[in-house]
Amino acid sequence: MGKPELKELRINRDWCKGCGICVHFCPKEVLDLDQEDKAVPVKPDQCICCMMCEMRCPDLAIDVILK
Amino acid sequence: MAVKDYIRKRFFPHIWCPGCGHGIVLNNLLRAIEKLKLKKNEIVMTSGIGCSSRISGYVDFHTLHTIHGRALCFATGVKMNRPELKLIVPMGDGDALAIGGNHFIHAARRNIDITAIIMNNRIYGMTGGQFSPLSGYGTKGTTAPFMNIDHGFDVVELSKAAGATFVARTSTYHVKQMVDILADAIDHKGFSVVEIMSQCPTYFGRKNKLGGATDMMTFYKDHTTPVGSKEKKANPELIERGIFVHEDLPEYCNEYDKVIEMAKASLK
Amino acid sequence: MKKNIKFIQGNEVCVEAALYAGLDFFAGYPITPSTEISEHLSKRLPEKGGKFLQMEDEIASLCAIIGASLTGCKVLTATSGPGFSLMQEALGYAIMAEIPCVIVNVQRGGPSTGNPTHVSQGDVNQARWGTHGDHAIIVLTASNHQDLFNITVDAFNLAETYRTPVILLFDEVIGHMREKLVMPEKGEIELVDRLRTSLGEGIDYHPYLPREDGRLPMSDFGGVHRYNVTGLFHDMWGFPSDNPQVVHGLIRHLVDKIENNVHQIARFKEFFMEDARTVLVSYGAAARSALHITKNRRARGERVGLLELQSLWPFPSHIVREKCASAQKVIVVEMNVGQILKEVKNAVDNPEKVFLANRVDGELITPTDIKSIMRLIHGKGV
């Protein structure tokens, strides 16, 4: 089994409350908040699939989908 | 089963504030349950009243949302008659240790097979930020505008003294540890207590000038250390996290089965 | 067939009756004068594979039996005034969440610690209105051991029928008194089991959707149907709701399912009532003295009758109104400052004809006490 590769970083915009936890703790600055204060993947190619954003999301709004 | 198959999606987004640690507890409790490969019908979640207690509405288990502080008593009645089910009782710090403090120590003393999760945000959030039995000396709340002079409980020491046979602490920052500890706690045959330090940026954070959710989680990262580590000796202020107690002692439902056997034998 | 006759305390009769009714689970906290119920059940329940728990307080006791009832057990707790005060919170929960359970209050003198080893009937209104918010409640009582047995079985039947807590309001005299009990044979008294849903696994079950007859089929909690139970106002799935229509509908359902069935729930006995000009209305231990003096006066040719109430709430106004219609004087005999008196005054055609014969000093009201008060009421002096 090789390194996990990102297929999609899916954000449920209806559930996201824009707390910024995922943005703050992402080791690769993959995520940011947009103008509506919703999390968006801005550098998905940098994602190392550590899953921390998904696990730390208080709103269960993030799915890190692997290839 | 995927984590989101365990929830009642129609009630999302949930009622908790942006950045509330309780959502992180929910998130990783589901992962622990997934790790144990438990079926939805095998789990009873019983909760009391408060921000934390609303968690039971969001999970697709058998859910019993009860009264303030009493969740463990209801859970005891359920468990005694359905010992094959997993009983999970998430509580807030006020719910578990102020109004429910007596029930908490007695459930621990009996060593009944229930998992108590104390979602410790050090404040009464639902009612607007009053100090709790875990706020601690010197903190502020809407009922301690100058300074809280009440000293806090140490949940771990209290649980140990009361007889809990599994005692652990973690935080919303340490999510991988949270999943492992919760899975161990649910799997443990006996009364298990997991304290999860959970940020309330809306009230505790704001009243005590601790910054937002990320600042509070960073505090958990910087001010905790694994149980038994050298760092604790160098810096006693650090809060230990990990598993403090994990022992096998006779479980209450099993013990009661012995009483039944003795009672039946006495009739012969 | 040889009858099974026992000479036992009232509290033991309650135990025998609860077991006869199918009791599976008891949780309680020691308190005088109800403790014998706990003591006997701690032996008797495990003998039949049931479970007895001694909890840390009365709050925990009622909460534990509610949890057990949800899983499908017939449940009981027993206490006295101070413990009953602690139970009011969970009592409201059982009403709101519609969970069958039976709560015995062996009354002692109050308020507060009061008179633990002495008799009183001071908790009548607490049983009615002790828990907060609008609600209805079923409260039963009895004056002798045979009735105590029957009414205890009845309490379980009504709890299961109406999905509600039922309170057995006994008193210290009845609880501690020893007299004869003829144990009913198995099958002699009808037993009611709760209505359970016929819906199978995977079919959407509505725990709070009443059928046309108002009854709600239950599904044993922790079984094939997953649902939510809450003390908040809730919809038919048991999920919280503050929708005014839902709130109104639920409060009406909770009250109406009991108040509208007062005719079915009403339980009473009557003695020498056919031509009575003076009607004594009484219940519990006080009714023993009332019956004695009724017989005594009848023997002297006085037209005295006794209406003994066995259901106190919902108050059987229709029975009291009808039975007291031709009475010139109605005398309520009770051991409090007039808690049922007010209900009787409200029920009869003319409240002016209703009087109170009471005693509140911790001693049982005697036939002589009642006789003296009757003489005063009739203007004859002592």
Count of the stretch B:213-234 residues which are surrounded by fewer than 16 Cβ atoms within 10 Å (Cβ to Cβ), away from chain A (no Cβ under 14 Å) and either part of a helix (DSSP H, G or I) or of a type in the set (A, V, I, L, M, F, W, C) (or both): 5
List pairs: first in the stretch B:238-263 and within 14 Å of chain C (Cβ to nearest Cβ), second of a type in the set (D, E, K, R), Cβ under 6 Å, 6+ apart or cross-chain? B:Tyr252/B:Arg110; B:Ala263/C:Glu47
Sort out for me the helices (runs of 4 or more DSSP H) sitting completely within the stretch B:90-201 that have 3 or more residues that are open to solvent by 30 Å² or more (accessible area, probe 1.4 Å) and among the basic types (Lys, Arg). none
Could you list all residues from the stretch A:18-40 that are open to solvent by less than 50 Å² (accessible area, probe 1.4 Å), under 30 Å from B:Arg54 (Cα atoms) and not aromatic (Phe, Trp, Tyr)? A:Gly18, A:Cys19, A:Gly20, A:Ile21, A:Cys22, A:Val23, A:Cys26, A:Leu31, A:Asp34, A:Lys38, A:Ala39, A:Val40
Could you check, for the stretch C:178-188, whether at least one of its residues is touching a strand residue (DSSP E or B) at 6+ places or on another chain (Cβ under 7 Å) and either over 30 Å from C:His145 (Cα atoms) or of a type in the set (Lys, Arg) (or both)? yes
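What residue, of B:Arg31, B:Arg54, is open to solvent by 10 Å² or more (accessible area, probe 1.4 Å), touching a residue at least 60 places away in the same chain (Cβ under 8 Å), of a type outside the set (A, V, I, L, M, F, W, C) and in a helix (DSSP H, G or I)?
Matching residue, one of B:Arg31, B:Arg54: B:Arg31.
Answer with yes or no whether B:Gly19 is within 9 Å of another protein chain (Cβ to nearest Cβ), part of a loop (DSSP other than H, G, I, E, B) and small (Gly, Ala, Ser).
Yes.
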Filtered residues of the stretch C:179-213 (kept if open to solvent by less than 30 Å² (accessible area, probe 1.4 Å), more than 14 Å from chain B (Cβ to nearest Cβ) and not hydrophobic (A, V, I, L, M, F, W, C)): C:Pro184, C:Arg194
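For the stretch B:1-12, what are the residues that are surrounded by fewer than 16 Cβ atoms within 10 Å (Cβ to Cβ) and either hydrophobic (A, V, I, L, M, F, W, C) or part of a loop (DSSP other than H, G, I, E, B) (or both)? Before you say what the answer is, go through the steps one by one.
At the first step, the residues of the stretch B:1-12 found to be surrounded by fewer than 16 Cβ atoms within 10 Å (Cβ to Cβ) are B:1-2, B:4-5, B:9-11.
Across the stretch B:1-12, the qualifying residues are B:Met1, B:Ala2, B:Phe11.
Can you name every residue in the stretch C:78-126 that is in a helix (DSSP H, G or I) and among the acidic types (Asp, Glu)?
Narrowing the stretch C:78-126 to residues in a helix (DSSP H, G or I): C:81-97, C:124-126.
Matches in the stretch C:78-126: C:Glu89 only.
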Give the stretch A:1-50 a look and list any residue that's more than 14 Å from chain B (Cβ to nearest Cβ) and touching a His at 6+ places or on another chain (Cβ under 9 Å), or say none. none
Looking at C:Phe315, C:Phe355 in this structure, which one is open to solvent by 10 Å² or more (accessible area, probe 1.4 Å) and in a strand (DSSP E or B)? C:Phe355
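The values are calculated or read from the model by the stated rules, or taken from the named source; none is laboratory data. Please read these numbers as outputs of a predicted model, since none were measured by experiment. Backbone-built Cβ (ideal geometry, glycine too); neighbour counts: all protein chains shown. To get the accessible areas, we keep the full protein, side chains included, count just its heavy atoms, and leave off ligands, DNA and RNA. Shrake-Rupley method; radii C 1.70, N 1.55, O 1.52, S 1.80 Å.
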